[in-house]
Amino acid sequence: MISTKTMGKKASSSSMAVAAIWWFVVYLTMTTTCCWAAPKPSFDDNFSIMWSENHFKTSEDGQTWFLSLDNDTGCGFQTKQKYRFGWFSMKLKLVGGDSAGVVTAYYMCTEDGAGPTRDELDFEFLGNRTGEPYLIQTNIYKNGTGNREMRHKLWFDPTLDYHTYSILWNSHQIIFFVDRVPVRVYKNADYENDFFPNQKPMYLFSSIWNADDWATRGGLEKTDWKKAPFVSSYKDFTVDGCQWKEPYPDCVSTTTQHWWDQYEAWHLTKDQKLDFAWVERNLVIYDYCKDTERFPKLPEECSLSPWD
(Lines give C-alpha, C1' and ligand atoms only; values in the text may rest on other atoms or scores of the structure.)
Protein backbone atom coordinates (compact mmCIF):
# COMPACT_ATOMS: atom_id res chain seq x y z
CA MET A 1 0.00 0.00 0.00
CA ILE A 2 1.31 3.40 -0.99
CA SER A 3 1.27 6.00 1.74
CA THR A 4 -0.44 9.35 1.34
CA LYS A 5 2.96 11.02 1.73
CA THR A 6 4.42 8.96 -1.12
CA MET A 7 1.40 9.70 -3.29
CA GLY A 8 1.88 13.39 -2.59
CA LYS A 9 5.50 13.20 -3.66
CA LYS A 10 4.54 11.40 -6.85
CA ALA A 11 1.78 13.90 -7.59
CA SER A 12 4.20 16.77 -6.94
CA SER A 13 6.80 15.23 -9.23
CA SER A 14 4.17 14.66 -11.88
CA SER A 15 2.96 18.27 -11.65
CA MET A 16 6.50 19.57 -11.92
CA ALA A 17 7.08 17.44 -14.98
CA VAL A 18 3.90 18.73 -16.63
CA ALA A 19 4.86 22.32 -15.78
CA ALA A 20 8.33 21.82 -17.19
CA ILE A 21 6.92 20.41 -20.42
CA TRP A 22 4.42 23.30 -20.63
CA TRP A 23 7.13 25.93 -20.21
CA PHE A 24 9.29 24.13 -22.77
CA VAL A 25 6.40 24.27 -25.26
CA VAL A 26 5.91 27.99 -24.53
CA TYR A 27 9.65 28.61 -24.98
CA LEU A 28 9.70 26.62 -28.20
CA THR A 29 6.67 28.49 -29.54
CA MET A 30 8.18 31.88 -28.68
CA THR A 31 11.56 31.12 -30.21
CA THR A 32 9.99 29.58 -33.29
CA THR A 33 7.75 32.60 -33.73
CA CYS A 34 10.70 34.90 -33.19
CA CYS A 35 13.07 33.17 -35.55
CA TRP A 36 10.68 32.04 -38.26
CA ALA A 37 8.32 35.00 -38.55
CA ALA A 38 6.80 35.38 -41.99
CA PRO A 39 8.51 38.07 -44.07
CA LYS A 40 6.63 41.30 -44.71
CA PRO A 41 4.99 41.54 -48.13
CA SER A 42 7.19 43.14 -50.76
CA PHE A 43 6.08 45.83 -53.18
CA ASP A 44 5.79 43.23 -55.94
CA ASP A 45 3.45 41.13 -53.81
CA ASN A 46 0.75 43.79 -54.00
CA PHE A 47 1.60 46.33 -56.71
CA SER A 48 2.66 46.94 -60.29
CA ILE A 49 4.34 50.05 -61.72
CA MET A 50 1.97 51.96 -64.00
CA TRP A 51 4.57 54.04 -65.77
CA SER A 52 8.19 55.32 -65.53
CA GLU A 53 9.81 52.45 -63.67
CA ASN A 54 13.07 54.44 -63.67
CA HIS A 55 11.35 56.97 -61.38
CA PHE A 56 10.60 54.30 -58.79
CA LYS A 57 12.99 53.10 -56.06
CA THR A 58 12.82 51.02 -52.91
CA SER A 59 14.79 51.01 -49.66
CA GLU A 60 17.41 48.30 -49.13
CA ASP A 61 14.94 46.14 -47.23
CA GLY A 62 12.28 46.71 -49.87
CA GLN A 63 9.75 48.03 -47.34
CA THR A 64 9.80 51.74 -48.27
CA TRP A 65 8.98 52.94 -51.77
CA PHE A 66 9.85 56.22 -53.47
CA LEU A 67 8.15 57.92 -56.44
CA SER A 68 9.87 60.86 -58.10
CA LEU A 69 8.80 63.64 -60.46
CA ASP A 70 11.03 65.72 -62.73
CA ASN A 71 10.33 67.87 -65.78
CA ASP A 72 10.33 64.74 -67.90
CA THR A 73 7.72 62.62 -66.12
CA GLY A 74 6.29 61.40 -62.84
CA CYS A 75 5.53 57.86 -61.69
CA GLY A 76 2.70 55.73 -60.37
CA PHE A 77 1.74 52.28 -59.12
CA GLN A 78 -1.45 50.25 -58.64
CA THR A 79 -2.58 47.13 -56.81
CA LYS A 80 -2.67 43.90 -58.76
CA GLN A 81 -6.00 43.08 -57.17
CA LYS A 82 -9.38 44.83 -57.40
CA TYR A 83 -11.59 45.19 -54.32
CA ARG A 84 -15.19 45.96 -53.55
CA PHE A 85 -15.53 47.39 -50.03
CA GLY A 86 -13.06 47.22 -47.17
CA TRP A 87 -10.32 49.09 -45.30
CA PHE A 88 -7.37 50.49 -47.28
CA SER A 89 -4.43 52.18 -45.56
CA MET A 90 -0.94 53.44 -46.37
CA LYS A 91 1.74 55.56 -44.71
CA LEU A 92 2.98 58.48 -46.82
CA LYS A 93 5.63 61.14 -46.44
CA LEU A 94 5.09 63.99 -48.86
CA VAL A 95 7.45 66.14 -50.91
CA GLY A 96 9.25 68.64 -48.68
CA GLY A 97 10.34 72.21 -49.37
CA ASP A 98 8.95 74.11 -52.35
CA SER A 99 6.51 71.66 -53.92
CA ALA A 100 4.14 74.11 -55.61
CA GLY A 101 2.41 72.56 -58.60
CA VAL A 102 3.18 68.99 -57.49
CA VAL A 103 0.34 66.57 -56.71
CA THR A 104 0.78 63.30 -54.87
CA ALA A 105 -2.34 61.25 -55.48
CA TYR A 106 -3.49 58.29 -53.38
CA TYR A 107 -6.79 56.95 -54.62
CA MET A 108 -9.06 54.11 -55.62
CA CYS A 109 -10.46 53.78 -59.12
CA THR A 110 -12.32 51.24 -61.21
CA GLU A 111 -9.82 51.45 -64.06
CA ASP A 112 -6.34 52.50 -65.08
CA GLY A 113 -7.00 55.93 -66.53
CA ALA A 114 -9.66 58.62 -66.32
CA GLY A 115 -12.38 56.69 -68.13
CA PRO A 116 -15.70 58.41 -68.82
CA THR A 117 -17.71 56.01 -66.61
CA ARG A 118 -15.25 55.44 -63.78
CA ASP A 119 -15.92 55.34 -60.05
CA GLU A 120 -13.16 56.88 -57.94
CA LEU A 121 -12.25 57.81 -54.34
CA ASP A 122 -9.47 60.41 -54.18
CA PHE A 123 -6.88 61.68 -51.75
CA GLU A 124 -4.89 64.41 -53.53
CA PHE A 125 -2.08 66.18 -51.68
CA LEU A 126 -1.57 69.61 -53.17
CA GLY A 127 1.98 70.96 -53.06
CA ASN A 128 2.88 74.35 -51.68
CA ARG A 129 5.34 77.18 -51.67
CA THR A 130 7.86 76.85 -48.85
CA GLY A 131 6.34 77.68 -45.47
CA GLU A 132 2.73 77.38 -46.57
CA PRO A 133 0.54 74.49 -45.41
CA TYR A 134 -0.15 71.41 -47.50
CA LEU A 135 -3.80 70.95 -48.47
CA ILE A 136 -5.65 67.68 -48.88
CA GLN A 137 -8.30 67.53 -51.56
CA THR A 138 -10.74 64.63 -51.55
CA ASN A 139 -13.19 63.82 -54.32
CA ILE A 140 -15.69 61.08 -55.17
CA TYR A 141 -16.76 59.97 -58.65
CA LYS A 142 -19.75 57.88 -59.65
CA ASN A 143 -20.05 56.81 -63.30
CA GLY A 144 -17.58 59.47 -64.37
CA THR A 145 -19.16 62.37 -62.48
CA GLY A 146 -17.11 64.05 -59.78
CA ASN A 147 -17.21 67.71 -58.75
CA ARG A 148 -17.55 66.63 -55.13
CA GLU A 149 -14.39 68.27 -53.83
CA MET A 150 -13.52 69.04 -50.25
CA ARG A 151 -10.26 70.62 -49.07
CA HIS A 152 -8.70 70.41 -45.63
CA LYS A 153 -5.69 71.76 -43.80
CA LEU A 154 -3.58 69.36 -41.78
CA TRP A 155 -2.62 69.70 -38.12
CA PHE A 156 0.97 68.59 -38.80
CA ASP A 157 3.68 68.93 -41.44
CA PRO A 158 3.22 65.86 -43.68
CA THR A 159 6.75 66.22 -45.11
CA LEU A 160 8.61 65.57 -41.84
CA ASP A 161 7.43 62.06 -41.08
CA TYR A 162 5.10 59.30 -42.23
CA HIS A 163 1.40 59.61 -41.53
CA THR A 164 -1.37 57.14 -42.18
CA TYR A 165 -4.06 57.84 -44.78
CA SER A 166 -6.97 55.41 -44.94
CA ILE A 167 -10.29 54.81 -46.67
CA LEU A 168 -13.19 52.86 -45.19
CA TRP A 169 -15.65 51.84 -47.90
CA ASN A 170 -18.81 49.85 -47.37
CA SER A 171 -22.36 50.00 -48.72
CA HIS A 172 -23.39 52.56 -46.09
CA GLN A 173 -20.60 55.14 -46.05
CA ILE A 174 -17.15 56.16 -47.23
CA ILE A 175 -14.81 57.71 -44.69
CA PHE A 176 -11.45 59.34 -45.40
CA PHE A 177 -9.11 59.08 -42.39
CA VAL A 178 -5.84 60.83 -41.54
CA ASP A 179 -4.05 59.07 -38.68
CA ARG A 180 -7.37 57.39 -37.78
CA VAL A 181 -9.09 60.81 -37.55
CA PRO A 182 -12.13 60.99 -39.87
CA VAL A 183 -11.79 64.07 -42.06
CA ARG A 184 -14.61 63.35 -44.50
CA VAL A 185 -17.75 61.24 -44.24
CA TYR A 186 -19.80 60.47 -47.36
CA LYS A 187 -23.08 58.68 -46.76
CA ASN A 188 -25.19 56.43 -48.94
CA ALA A 189 -28.96 56.80 -49.19
CA ASP A 190 -31.48 54.05 -48.51
CA TYR A 191 -32.57 54.15 -52.16
CA GLU A 192 -30.87 53.64 -55.52
CA ASN A 193 -28.97 56.75 -56.53
CA ASP A 194 -26.38 58.20 -58.89
CA PHE A 195 -23.93 59.56 -56.31
CA PHE A 196 -22.68 56.67 -54.14
CA PRO A 197 -20.13 54.34 -55.79
CA ASN A 198 -20.92 50.83 -54.59
CA GLN A 199 -21.31 48.60 -57.63
CA LYS A 200 -17.89 48.47 -59.30
CA PRO A 201 -14.67 47.00 -57.86
CA MET A 202 -11.67 49.32 -57.61
CA TYR A 203 -7.89 49.14 -57.72
CA LEU A 204 -5.82 51.24 -55.32
CA PHE A 205 -3.33 53.64 -56.94
CA SER A 206 -0.73 56.22 -56.03
CA SER A 207 1.15 58.62 -58.26
CA ILE A 208 3.11 61.85 -58.36
CA TRP A 209 2.60 64.28 -61.23
CA ASN A 210 2.73 67.91 -62.30
CA ALA A 211 -0.52 69.85 -61.97
CA ASP A 212 0.70 73.43 -61.86
CA ASP A 213 -2.22 74.52 -64.05
CA TRP A 214 -4.53 74.21 -61.01
CA ALA A 215 -2.99 72.61 -57.90
CA THR A 216 -1.44 75.60 -56.06
CA ARG A 217 -3.49 78.77 -55.72
CA GLY A 218 -5.56 77.81 -58.73
CA GLY A 219 -2.51 77.56 -60.98
CA LEU A 220 -0.90 80.88 -60.02
CA GLU A 221 2.08 79.12 -58.43
CA LYS A 222 4.07 77.12 -61.00
CA THR A 223 6.39 74.17 -60.45
CA ASP A 224 10.01 75.21 -59.90
CA TRP A 225 11.88 72.53 -61.82
CA LYS A 226 15.17 73.67 -60.31
CA LYS A 227 13.97 71.90 -57.14
CA ALA A 228 13.40 68.59 -58.95
CA PRO A 229 13.33 65.70 -58.44
CA PHE A 230 10.32 65.82 -56.15
CA VAL A 231 9.97 62.63 -54.12
CA SER A 232 7.04 61.11 -52.19
CA SER A 233 7.59 57.98 -50.11
CA TYR A 234 5.35 55.14 -48.97
CA LYS A 235 5.30 52.17 -46.63
CA ASP A 236 3.08 49.85 -44.57
CA PHE A 237 0.29 49.21 -47.04
CA THR A 238 -2.63 47.49 -45.29
CA VAL A 239 -5.77 46.12 -46.89
CA ASP A 240 -8.65 44.23 -45.34
CA GLY A 241 -11.20 44.08 -48.10
CA CYS A 242 -13.27 41.96 -50.41
CA GLN A 243 -11.08 40.79 -53.30
CA TRP A 244 -12.97 40.84 -56.54
CA LYS A 245 -13.23 37.52 -58.36
CA GLU A 246 -15.14 37.03 -61.57
CA PRO A 247 -17.99 36.81 -62.00
CA TYR A 248 -18.73 37.84 -58.39
CA PRO A 249 -16.92 37.42 -55.07
CA ASP A 250 -18.56 35.88 -52.02
CA CYS A 251 -18.86 39.27 -50.35
CA VAL A 252 -20.43 41.06 -53.30
CA SER A 253 -23.34 42.08 -51.07
CA THR A 254 -23.61 43.07 -47.44
CA THR A 255 -22.94 39.97 -45.35
CA THR A 256 -21.70 41.50 -42.05
CA GLN A 257 -19.03 38.78 -41.94
CA HIS A 258 -16.26 41.42 -41.92
CA TRP A 259 -15.68 44.14 -39.35
CA TRP A 260 -15.77 46.83 -42.04
CA ASP A 261 -19.28 45.75 -43.00
CA GLN A 262 -20.83 45.40 -39.57
CA TYR A 263 -23.15 47.86 -37.86
CA GLU A 264 -20.34 49.61 -35.98
CA ALA A 265 -18.70 50.50 -39.33
CA TRP A 266 -21.90 51.90 -40.81
CA HIS A 267 -21.76 54.98 -38.59
CA LEU A 268 -19.20 57.12 -36.81
CA THR A 269 -18.41 55.94 -33.30
CA LYS A 270 -18.76 58.30 -30.36
CA ASP A 271 -15.02 59.10 -30.34
CA GLN A 272 -14.97 59.51 -34.12
CA LYS A 273 -17.81 62.01 -33.88
CA LEU A 274 -15.76 64.10 -31.44
CA ASP A 275 -12.76 64.03 -33.78
CA PHE A 276 -14.91 64.78 -36.81
CA ALA A 277 -16.55 67.75 -35.08
CA TRP A 278 -13.08 69.16 -34.35
CA VAL A 279 -12.08 68.71 -38.01
CA GLU A 280 -15.26 70.43 -39.17
CA ARG A 281 -14.59 73.41 -36.91
CA ASN A 282 -10.91 73.85 -37.61
CA LEU A 283 -9.63 72.25 -40.81
CA VAL A 284 -12.21 72.53 -43.60
CA ILE A 285 -11.12 74.95 -46.34
CA TYR A 286 -13.73 74.14 -48.97
CA ASP A 287 -16.89 72.04 -49.08
CA TYR A 288 -18.80 71.74 -52.35
CA CYS A 289 -21.99 71.17 -50.37
CA LYS A 290 -21.74 74.75 -49.12
CA ASP A 291 -20.86 76.33 -52.47
CA THR A 292 -24.24 77.73 -53.50
CA GLU A 293 -22.61 79.96 -56.13
CA ARG A 294 -21.28 76.92 -57.93
CA PHE A 295 -24.35 74.81 -57.15
CA PRO A 296 -27.49 77.01 -56.89
CA LYS A 297 -29.29 73.71 -56.32
CA LEU A 298 -27.10 71.59 -54.08
CA PRO A 299 -26.48 67.97 -55.11
CA GLU A 300 -28.92 65.54 -53.47
CA GLU A 301 -26.22 63.77 -51.39
CA CYS A 302 -25.58 67.04 -49.55
CA SER A 303 -28.84 66.52 -47.67
CA LEU A 304 -27.51 63.35 -45.99
CA SER A 305 -26.07 63.89 -42.51
CA PRO A 306 -22.61 62.43 -41.76
CA TRP A 307 -23.69 62.12 -38.14
CA ASP A 308 -26.42 59.54 -38.75
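The values are calculated or read from the model by the stated rules, or taken from the named source; none is laboratory data. Source: prediction; values computed, not measured. Note that each Cβ is placed from the backbone with ideal geometry, even for glycine, and that neighbours are counted across all protein chains shown. For accessibility, only protein heavy atoms count, side chains too; no ligands or nucleic acids. Shrake-Rupley method; radii C 1.70, N 1.55, O 1.52, S 1.80 Å.
Can you list the lysines whose alpha carbon is less than 22 Å from that of Lys270, not counting same-chain residues fewer than 8 positions off?
Filter leaves Lys187.
For the chain, what % of the accessible area comes from carbon and sulfur atoms, probe 1.4 Å? Kindly include the intermediate steps, with their values, before the conclusion.
On the way: 8880 of 16630 Å².
That fraction is 53 percent.
With every protein chain kept in place and ligands, DNA and RNA left out, what is the accessible area per residue of the chain? Probe 1.4 Å, answer in Å². Kindly include the intermediate steps, with their values, before the conclusion.
Working: 16630 Å² over 308 residues.
For the chain, the per-residue accessible area is 54 Å².
Largest first, please: the extent of the C-alpha atoms of the stretch 159-308 along each principal axis, to the nearest Å.
So the extents along the principal axes, rounded to whole Å, are 53, 39, 33.
Report the GluC sites (Glu not before Pro) located in the stretch 122-220 that are in a DSSP loop and have at most 12 other Cβ atoms inside 10 Å of their Cβ, or state none.
Passing sites in the stretch 122-220 are Glu192.
Could you identify which residue out of Asp240, Asp44, Asp72 has the top mean-square fluctuation in a GNM of the chain using Cα springs shorter than 10 Å?
Of Asp240, Asp44, Asp72, the most mobile in the Gaussian network model is Asp72.
Mean-square fluctuation check for the chain, GNM, Cα pairs under 10 Å: which of Lys270, Lys153, Lys142 is largest?
Sorting by GNM fluctuation, first place goes to Lys270.
For Lys57, list the aspartates and glutamates whose Cα falls under 16 Å from its own Cα; do not include residues on the same chain fewer than 8 positions away.
Filter leaves Asp44, Asp45, Asp70, Asp236.
Using a 10 angstrom cutoff on alpha carbons, build the Gaussian network for the chain and name the most mobile of Gly113, Gly76, Gly96.
Between Gly113, Gly76, Gly96, it is Gly113 that shows the largest mean-square fluctuation.
Within the stretch 210-308, report the GluC sites (Glu not before Pro) that DSSP leaves as loop and that have at most 15 other Cβ atoms within 10 Å.
Those satisfying the criteria are Glu293.
Based on DSSP H runs of at least 4 residues, each adding -39500 (n - 2.57), what is the mean residue ellipticity at 222 nm of the chain after dividing by all its residues, to the nearest 500 deg cm²/dmol?
Only helices count here, giving -5500 deg cm²/dmol.
Kindly report, to the nearest 10 Å², the accessible surface of Val95 as traced by a 1.4 Å probe over protein heavy atoms only.
Probe radius 1.4 Å; accessible area of Val95 about 10 Å².
Would you please state the base-10 log of I(q)/I(0) at q = 0.10, 0.15 1/Å for the chain, with intensities from the Debye formula using one equal scatterer on every alpha carbon?
-0.62, -1.27
Would you please name the trypsin sites (Lys or Arg not before Pro) within the stretch 169-228 that are DSSP coil residues with at most 15 other C-beta atoms within 10 Å of their C-beta?
Values: sites: Arg180, Arg184, Lys187, Arg217, Lys222, Lys226, Lys227; in loops: Arg180, Lys222.
Those that pass, being in a loop and sparsely packed, are Arg180, Lys222.
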